[in-house]
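Encoded as structure tokens, the structure appears first; notes follow it.
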Amino acid sequence: MTKRKLYFNLPFLLFLIIGTIYITYQQKSTTYQKSEGKIFGTFYHITYQHNKKLDKEILDELNKVDMALSMFNKESIISRINRNEDVQTDSMFETVYNLAQNVSEETDGAFDITVAPLVNAWGFGFKTGNPPTRQSIDSLRAIVGYGKVSLKGHKIVKKDPRVMLDCSAIAKGYGCDVVAAMLRRKGVENYMVEIGGEVVAHGISEKRLPWKIGVTKPTDDSINVNTEIQAVLNVKDMAMATSGNYRNFYYKNGKKYAHTIDPATGMPVQHSILSATVLTRTCAEADAYATSFMVMGMEKAQKVLEKKPELMAYLIYTDKDGKLCTWHSKSMEGKILDKEMKKQTAGKH
């Protein structure tokens, strides 16, 4: 009886073995494709294992996000909202808007998609040599605050028509998520999607190894010459985003001003964090929290991380003596790779 069963199952077992060998061979022999271009005012680089190029499909997804959320597209939903036109939101806009408002709640307003007028005032002010006055900051604060907007049906309602929305601190991450979802629908298991430094990675790289991303060492390098790696992170099956002030700053009367603006004060942040890297399930969420931590500072960021263990964070900061230091959440342990791997990284962050 046992022999009969064995003989009966032998063709099935043989088929299973041959099928497994064939699938493994196909996976190894399938080419890794590369797509790159410009979107949301920045560049994207996408590597994925598939038997054909998916450039059109990738661009189609990115253009959908662009039409919903890009400040660089005058016909996008967000641009039309900012001009107070009668426009209905779509599912992409609503997904990002709702996530942004949730993160704002979780961070006590450190993340705020209405902060654009203050960011613009400081940015243009330093470019012209005339930083905003206390009076002008207070005036702008009157139209900044995530509670000043709401989503009713499929329309944004503002408490003041001067309120502006800017999703640039979350849109790139969301774009990564959207492209990654499309690749999965196409059956792609191994890919890395990077838009403006934000990353979603799944499976393995061309080297048959987990995806590894380098976090750049912070220096006063506004022209982006320095590319020394501070740490290498394993981002397999994760999303990753980094926010930092070390390449976006201004000097005025010998004082350094960061480009990150605290919505509560209307002023550039002055705390010790130079770079915040967050790993979590979605890149939009990682993007938003990385920005939040730059606003909040070390202690407040650590409190948020205690409440949200699904967030992994790697923070680079300066101590009281000006020395470069790092801190990471417990959940990040195992994701930080040996420094000897720096030269092998798939990308820089």
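Can we say residue 201 is touching an Asp or Glu at 6+ places or on another chain (Cβ under 9 Å), of a type in the set (Gly, Ala, Ser) and modelled with pLDDT of 95 or more? Against the criterion (touching an Asp or Glu at 6+ places or on another chain (Cβ under 9 Å), of a type in the set (Gly, Ala, Ser) and modelled with pLDDT of 95 or more), residue 201 qualifies.
Kindly indicate whether any position in region 324-334 is farther than 20 Å from residue 238 by Cβ and either at pLDDT below 95 or assigned to a helix (DSSP H, G or I) (or both). Yes, the conditions are met somewhere in region 324-334.
Candidates in region 24-56 are the residues that are part of a helix (DSSP H, G or I) and within 33 Å of the chain's Cα centre (by Cα); of these, the one that is modelled with the lowest pLDDT is 24.
The criterion of at least 3 residues that are polar (S, T, N, Q) and modelled with pLDDT of 85 or more is met, among strands (runs of 3 or more DSSP E) falling completely within region 236-281, by 273-280.
Before we move on, is residue 172 touching an Asp or Glu at 6+ places or on another chain (Cβ under 9 Å), closer than 27 Å to residue 244 by Cα and surrounded by fewer than 21 Cβ atoms within 10 Å (Cβ to Cβ)? No: the conditions fail for residue 172.
Among the residues of region 191-217, what is the count of those that are buried (at least 24 other Cβ atoms within 10 Å of the Cβ) and of a type in the set (S, T, N, Q)? Qualifying residue count for the region: 0. Evaluating residue 213 against the criteria (1) outside any strand (DSSP E or B); (2) at negative phi leaves one unmet condition, (1).
Taking the criterion of being in contact with a helix residue (DSSP H, G or I) (Cβ under 7 Å, 6 or more places away or on another chain), surrounded by fewer than 24 Cβ atoms within 10 Å (Cβ to Cβ) and not small (Gly, Ala, Ser), the residues of region 272-284 that qualify are 280, 282. The residue pairs whose first member lies in region 145-159 and is free of Cβ contacts under 8 Å to residues at least 40 places away in the same chain, whose second member is part of a strand (DSSP E or B) and exposed (fewer than 13 other Cβ atoms within 10 Å of the Cβ), and whose beta carbons are closer than 9 Å, counting only pairs six or more residues apart or on different chains, are 149/157; 150/157.
Of the helices (runs of 4 or more DSSP H) contained entirely in region 89-166, those carrying at least 3 residues that are more than 23 Å from the chain's Cα centre (by Cα) and surrounded by fewer than 17 Cβ atoms within 10 Å (Cβ to Cβ) fall at 116-128, 134-141.
Of all residue pairs spaced 6 or more apart or on separate chains, those with beta-carbon atoms under 6 Å, a first member in region 30-52 that is within 13 Å of residue 187 (Cβ to Cβ) and a second member that is among the aromatic types (Phe, Trp, Tyr) and surrounded by fewer than 17 Cβ atoms within 10 Å (Cβ to Cβ) are 49/32.
The values are calculated or read from the model by the stated rules, or taken from the named source; none is laboratory data. As the structure is a computational prediction, the values presented were derived from the model and not from experiment. Backbone-built Cβ (ideal geometry, glycine too); neighbour counts: all protein chains shown.
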